[in-house]
1. For LYS162, are the conditions met, namely being free of Cβ contacts under 8 Å to residues at least 60 places away in the same chain and in contact with a strand residue (DSSP E or B) (Cβ under 9 Å, 6 or more places away or on another chain)?
2. Out of (1) at pLDDT 95 or above; (2) more than 14 Å from the chain's Cα centre (by Cα), what's the single condition that is false for ASP44?
3. Go through (1) open to solvent by 80 Å² or more (accessible area, probe 1.4 Å); (2) within 16 Å of the ligand (Cβ to nearest atom) for SER86 and report which single condition fails.
4. Right, ALA78: more than 17 Å from the chain's Cα centre (by Cα), within 14 Å of the ligand (Cβ to nearest atom) and under 22 Å from MET13 (Cα atoms) or not?
5. Please go through segment 192-219 and pick out each residue that is surrounded by 14 or more Cβ atoms within 10 Å (Cβ to Cβ), closer than 16 Å to ALA72 by Cβ and not β-branched (Val, Ile, Thr).
6. Determine which single condition LEU155 fails, assuming it passes every other condition in (1) open to solvent by 50 Å² or more (accessible area, probe 1.4 Å); (2) in contact (Cβ under 8 Å) with a residue 12 or more places away in the chain; (3) touching a helix residue (DSSP H, G or I) at 6+ places or on another chain (Cβ under 6 Å).
7. Filter segment 50-59 down to the residues that are away from the ligand (no atom under 13 Å from the Cβ) and open to solvent by 10 Å² or more (accessible area, probe 1.4 Å), then identify the one that is farthest from GLU152 (Cα to Cα).
8. Return the residue satisfying two criteria in turn: it lies in segment 6-49 and is of a type in the set (S, T, N, Q) and surrounded by fewer than 23 Cβ atoms within 10 Å (Cβ to Cβ), and of such residues it is farthest from the ligand (Cβ to nearest atom).
Amino acid sequence: MNNGPIGIFDSGMGGLSVWRVLYRTLGDESLVYLGDGKNCPYGDRAAEEVRRFSLDAVERLVGCGCKLIVVACNTATAMAIKMLRSRYPQIPFVGLEPAVKPAAESTRTGVIGVLATSRSFDGELYRATSARYADRVKILEAVGEGFVEIVENSLEHTPEAKAAVRRVVRPMAEQGADRIVLGCTHYPFLRDAIAEAVVGFDVEIVDSSEAIERRVEHLLDEMGLRAECGHRPQYDFLSFADAGYVERLREKAFE
Ligand code: DGL
């Protein structure tokens with residue numbers, strides 16, 4: 001048993017898409033969410049910078065006594081998780097990778113679309129996984145240009161957001177993709193706009209949040225880290241940006 005919190009971090013608000021699933025399913029667990037905010041977006045930054053920001057975030061979460069850390073950012077996972085694991089061998093880390101495997105194994109058309117940031121597409125594991133399916137499945141990759149900024153500014157339901165999403169997503173469906181992988185934790189906030197962009201096509205949107213939740217539960221059990229039954233959980237929000245940003249994180253989490 002361990003009543004310490006689970007730490008979750010992202011470049012900004014995107015990781016709240018993972019936070020929400022953990023909040024809903026892990027009723028007894030305290031959660032500390034760190035959304036950098038100051039250095040967001042990470043998606044086009046140099047790998048070295050992403051590693052530095054990720055280390056700062058993890059140091060802060062470790063300082064809060066986190067028993068397990070979810071790197072709720074595909075970009076930070078791709079660039080930094082190896083380094084984080086070697087720096088903190090005592091902490092179990094759960095990372096996010098674009099869910100190519102379930103999409104590639106379930107596609108009926110043999111075409112899948114993957115939406116992610118540039119740095120996530122450079123990730124070793126992503127490259128290895130997509131190469132494994134390359135002879136059977138056509139993978140259409142696209143960066144969600146402007147998507148992160150839309151979510152950070154809570155503009156998901158504006159006509160501009162819908163147009164930006166449609167521009168990137170619809171061509172995937174037009175080229176035969178029947179699975180669209182959300183390879184960035186900001187993108188689930190645009191799920192409605194994505195679904196609207198592919199109306200008329202038989203497309204399934206693939207999100208990793210639930211698989212991550214299962215992985216967290218598995219590790220909590222395996223390592224004996226669950227909070228006591230009936231433990232009163234606490235939900236904290238941190239950022240490298242200002243207090244106003246922290247308030248917006250909290251609002252978005254519970255919206
Ligand atoms: N939410 C992040 C991800 O999953 C990062 C987006 C960004 O900061 O560019 O990749």
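The values are calculated or read from the model by the stated rules, or taken from the named source; none is laboratory data. Here the structure is a predicted model, which is why all the values come from computation and not from measurement. Note: ideal-geometry Cβ built from the backbone for every residue, glycine included; neighbour counts use all protein chains shown. Protein only, heavy atoms only, side chains kept; ligands, DNA and RNA dropped before computing areas. Shrake-Rupley method; radii C 1.70, N 1.55, O 1.52, S 1.80 Å.
1. On the way: free of Cβ contacts under 8 Å to residues at least 60 places away in the same chain: yes; in contact with a strand residue (DSSP E or B) (Cβ under 9 Å, 6 or more places away or on another chain): no.
It is false that LYS162 is free of Cβ contacts under 8 Å to residues at least 60 places away in the same chain and in contact with a strand residue (DSSP E or B) (Cβ under 9 Å, 6 or more places away or on another chain).
2. So the condition that ASP44 fails would be (1).
3. Against the list (1) open to solvent by 80 Å² or more (accessible area, probe 1.4 Å); (2) within 16 Å of the ligand (Cβ to nearest atom), SER86 comes up short only on (2).
4. Values: more than 17 Å from the chain's Cα centre (by Cα): no; within 14 Å of the ligand (Cβ to nearest atom): yes; under 22 Å from MET13 (Cα atoms): yes.
No.
5. ASP207, SER208, SER209, ALA211, GLU213, ARG215, GLU217, LEU219
6. Answer for LEU155: the failing condition is (2).
7. In the first step, residues of segment 50-59 are kept if they are away from the ligand (no atom under 13 Å from the Cβ); the result is 51-52, 55-56, 58-59.
From what's left, open to solvent by 10 Å² or more (accessible area, probe 1.4 Å): 51-52, 55-56, 59.
Working: ARG51: 21, ARG52: 21, LEU55: 22, ASP56: 21, GLU59: 24 Å.
For segment 50-59, the residue satisfying everything is GLU59.
8. Looking only at segment 6-49, we keep the residues that are of a type in the set (S, T, N, Q), and these are 11, 17, 25, 30, 39.
Subset that is surrounded by fewer than 23 Cβ atoms within 10 Å (Cβ to Cβ): 25, 30, 39.
On the way: THR25: 20, SER30: 23, ASN39: 8 Å.
Out of the qualifying residues, it is SER30.
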